[in-house]
1. What pairs can you find where one residue is in the stretch 205-216 and touching a residue at least 40 places away in the same chain (Cβ under 8 Å) and assigned to a helix (DSSP H, G or I), the other is of a type in the set (A, V, I, L, M) and surrounded by 20 or more Cβ atoms within 10 Å (Cβ to Cβ), and their Cβ atoms are less than 7 Å apart, with a gap of 6+ or different chains?
2. Only one of these conditions is not met by R30: (1) surrounded by fewer than 16 Cβ atoms within 10 Å (Cβ to Cβ); (2) under 30 Å from G218 (Cβ atoms); (3) basic (K, R). Which number is it?
3. If you check K263, K275, which single one turns out to be basic (K, R) and at pLDDT 95 or above?
4. Can you name every residue in the stretch 12-40 that is in contact with an Asp or Glu (Cβ under 9 Å, 6 or more places away or on another chain), touching a residue at least 40 places away in the same chain (Cβ under 8 Å) and not charged (D, E, K, R)?
5. One residue is enough: does the stretch 88-96 have a residue meeting the conditions part of a helix (DSSP H, G or I) and within 20 Å of the chain's Cα centre (by Cα)?
6. Restricting to the stretch 29-78, count the residues that are on the phi > 0 side of the Ramachandran plot and part of a loop (DSSP other than H, G, I, E, B).
7. From the residues in the stretch 147-173 that are aliphatic (A, V, I, L, M) and touching a residue at least 24 places away in the same chain (Cβ under 8 Å), which one is farthest from A273 (Cα to Cα)?
8. Would you check if V13 is in a helix (DSSP H, G or I), crowded, with 18+ Cβ neighbours inside 10 Å and not aromatic (F, W, Y)?
Amino acid sequence: MRLGREKIAFFTVNYKNTLYTRNFVESLSRLKHFEKIKIIILDNASTSDTISELERIKKMYHNIVECFYLDENLYYWRGADYALRRVYPLTEYMPEWIIICNNDIIINQENFLEKLMSLNYKEYGILAPSIKSYETNKDQNPFLVFPLNIMDIIKRKILLSNWYVYRLIVVIRENIKNVKFKLLGFNKNIMYYGNDFMKIYAPHGSFVIFSRNFFEKGGYLDTNFDLYGEELTIAEVALRIGVSVVYVPILEVIHLEHRSLGKYMSKNNFYKAKKAFEYVCREYLNKKVIL
């Protein structure tokens with residue numbers, strides 16, 4: 001794969017099922033200026049089937065797509081970081097924009113790339129686009145407008161204190177949400193921010209746009225967790241190096257976010273989320289908030 005001419009590089013992570021990855025790449029291929037991007041796919045815990053399918057995708061878009069195959073599972077954020085370091089070992093090799101995203105993303109906005117390239121990467125650190133949930137049409141950005149305060153941290157620690165406590169709280173939350181919707185006729189969690197750019201604390205981790213400026217100023221992906229730590233670590237690294245996270249609703253993507261297990265995290269993922277938040281508190285939050 002020839003590097004150096006691309007304006008935008010997409011990094012996505014595949015695990016087992018390649019259908020989402022294929023649909024993601026196909027959606028990108030329909031965008032204006034597709035020829036100006038690179039797509040890098042990291043395949044976790046590769047099998048003969050995933051390698052075969054991803055090689056077919058690579059052959060279809062041989063000047064655009066590159067694949068890396070691993071025997072182990074590095075999960076999402078660590079896998080993306082592995083591929084990023086392999087492709088762009090030095091920041092001067094990077095394009096203006098680096099996008100790290102889930103593979104269950106679809107972009108139907110025909111001029112998405114054009115709109116992104118019209119922005120001056122030197123003026124931004126991280127961009128958070130409008131991420132519409134396919135199931136609910138809810139915009140998943142801004143993920144957090146403001147940093148967590150002491151009460152937010154305590155609430156999260158209680159939520160993640162025990163698997164059964166977590167299940168109980170989720171049930172109560174869902175019931176309250178359903179009652180509010182039936183009585184008031186609207187979903188309080190759906191907010192409209194208009195088309196204005198807005199500085200926020202944390203972007204949703206399913207689709208994050210990094211400028212080269214972020215990396216030139218010393219930014220990096222914190223990979224000291226398996227799952228569920230990307231949003232808060234992105235936010236805290238951005239604060240440390242002095243760059244902004246900006247909600248940019250003129251850029252629109254769709255998150256398919258298939259939820260076969262319902263509203264709950266699996267027990268295994270719960271403990272990964274618990275461990276990730278403990279790390280974030282230890283590394284970042286406890287140093288700013290006395291608990």
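The values are calculated or read from the model by the stated rules, or taken from the named source; none is laboratory data. Worth saying up front: this structure is predicted, and the values here are computed from it rather than measured. Note: ideal-geometry Cβ built from the backbone for every residue, glycine included; neighbour counts use all protein chains shown.
1. Note: pairs meeting the criteria are R212/M94; N213/V243; F214/I126; F214/V243; F215/M94.
2. (2)
3. K275
4. Scanning the stretch 12-40 gives V13, N14, Y15, Y20, T21, N23, F24, L31, H33, I37, I40.
5. Of the residues in the stretch 88-96, the ones part of a helix (DSSP H, G or I) are 91-93.
Keeping just the survivors that are within 20 Å of the chain's Cα centre (by Cα) gives none.
Checked against the condition, which is being part of a helix (DSSP H, G or I) and within 20 Å of the chain's Cα centre (by Cα), the stretch 88-96 yields no hits at all.
6. 2
7. I150
8. Against the criterion (in a helix (DSSP H, G or I), crowded, with 18+ Cβ neighbours inside 10 Å and not aromatic (F, W, Y)), V13 does not qualify.
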